[in-house]
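All remarks here apply to the structure that follows.
The values are calculated or read from the model by the stated rules, or taken from the named source; none is laboratory data. Note that the structure is predicted; figures quoted are calculated from it, not measured. Please note: Cβ atoms are built from the backbone with ideal geometry, for glycine as well, and neighbour counts cover all protein chains shown. Heads up: the accessible areas ignore ligands, DNA and RNA and are worked out on the full protein's heavy atoms, side chains in. Shrake-Rupley method; radii C 1.70, N 1.55, O 1.52, S 1.80 Å.
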Amino acid sequence: MGMYLVSVGAREWFARGEEDDEAEGPGPVAAALNEELVRRGLPPYTSVPGEPAGRGSGFEEKFVASMHGYTALCRSLLSPEEEETVCGWTVLVPFSLDEPVRLPTETSFADETVVAGAPQVLAALERLEAAVGLPDGMPSAGRNLELTAWYLDAGARGAAAARPGSRGADPDMVFHVALYLRAARYSLRHGCPIVHT
């Protein structure tokens, strides 16, 4: 199956309780995040939009490439705090957070949930984008799994081969920069959370 980055609508985000078939989803994270926001004197995050209409709507991409080059890029160009913000989140929300919020809420991938603000993540990612230079011919962010398919169909390798000697010559790195950029921009544009699933 693998791991995906997906957008979440209000029904799934706020789902709680054993009677709800989405109880295994992000509902406990939403509740814990709101408690922490209120504890910090901030408003709770309640303005999550509904699920987008139509098959294939929303944001969905699959992790299909090694992250080694991407994490090395982050380490070389970002401060330790920025690197943690960009690389360490498990939930992305469409509002500013001065620092990632750590919640003692387990997911299927980690013992805790780390929530980051999309504005902070996007600002750091745009610096990575400028350093790497995303290739011409990369698909627009219009359809689910479009970036994933481009990578798997050798589009990323072809684009990388055309730029030898540059940072953009690493197709795995380019994939992850584009993936996270798209996730942050989608979250901000649509006002929705993005989660690992």
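Give the angle, between 0 and 90 degrees and rounded to the nearest 10, that separates the Cα long axis of helix 27-39 from the longest principal axis of the Cα atoms of the chain. Between the helix axis and the principal axis of the chain, the angle is about 80 degrees.
Which GluC sites (Glu not before Pro) in segment 100-197 pass both tests, a DSSP loop state and at most 12 other beta-carbon atoms within 10 Å?
Of the GluC sites (Glu not before Pro), the ones in loops of segment 100-197 whose Cβ has at most 12 other Cβ atoms within 10 Å are Glu106, Glu112.
Remark: segment 123-197 carries a charge dipole of roughly 160 debye about the Cα centre, counting +1 on each Lys and Arg Cβ and -1 on each Asp and Glu Cβ. Rounded to the nearest 20 debye, the dipole magnitude of segment 76-122 is 180 debye, with +1 charges on Lys and Arg beta carbons, -1 on Asp and Glu beta carbons, and the Cα centre as origin.
Taking Cα centre as origin and charging only the Cβ of basic (Lys, Arg, +1) and acidic (Asp, Glu, -1) residues, the dipole magnitude of the chain rounds to 780 debye.
With a Förster radius of 30 Å applied to the beta-carbon distance between Ser79 and Arg11, the computed FRET efficiency rounds to 0.20. Would you calculate the separation in nanometres between label points at Arg39 and Ser140, each defined as 7 Å from the Cα along the Cα-to-beta-carbon direction? If labels sit at Arg39 and Ser140, their model points lie 4.4 nm apart. Accessible surface for the chain, divided over its residues, is 50 Å² per residue with a 1.4 Å probe.
Taking Cα centroids, how far is segment 156-195 from segment 87-147 in Å? Centre-to-centre (Cα) distance: 11 Å. Positive-end ranking of Thr46, Ala15, His68 along the dipole of the chain, with charges on Cβ about the Cα centre, is headed by His68. Under 8 Å for C-alpha pairs, at least 6 residues apart: give me the relative contact order for the chain, rounded to a whole percent. This gives 29 percent for the chain.
Using a 1.4 Å probe on the protein heavy atoms, what percent of the accessible area of the chain belongs to carbon and sulfur?
Here it works out to 51 percent.
The listed peptides 70-78, 182-190, 33-41, ordered by packing as a protection proxy, come out as 182-190, 70-78, 33-41 (highest mean of other Cβ atoms within 10 Å first). Estimated at 0.36 nm per residue, the fully extended path between Phe95 and Asp111 surpasses their Cα-Cα distance by 3.4 nm.
Counting each DSSP H run of 4 or more residues in the chain as -39500 (n - 2.57), what helix-only mean residue ellipticity at 222 nm follows after dividing by all residues, to the nearest 500 deg cm²/dmol?
Value at 222 nm, helices only: -12500 deg cm²/dmol.
Between Glu129 and Ala32, what is the spin-label point distance in nm, taking each point 7 Å from the Cα along the Cα→C-beta axis? Distance between the two pseudo-spin positions: 3.1 nm.
Put simply, when 166-175, 96-105 are sorted by average Cβ atoms within 10 angstrom per residue, most first, you get 166-175, 96-105.
Between Thr71 and Arg163, what FRET efficiency follows from the Cβ-Cβ distance if R0 is 30 Å, with the result rounded to 0.05? Before the final figure, lay out each step's value.
Details: r = 21 Å, r/R0 = 0.69.
The formula returns an efficiency of 0.90 here.
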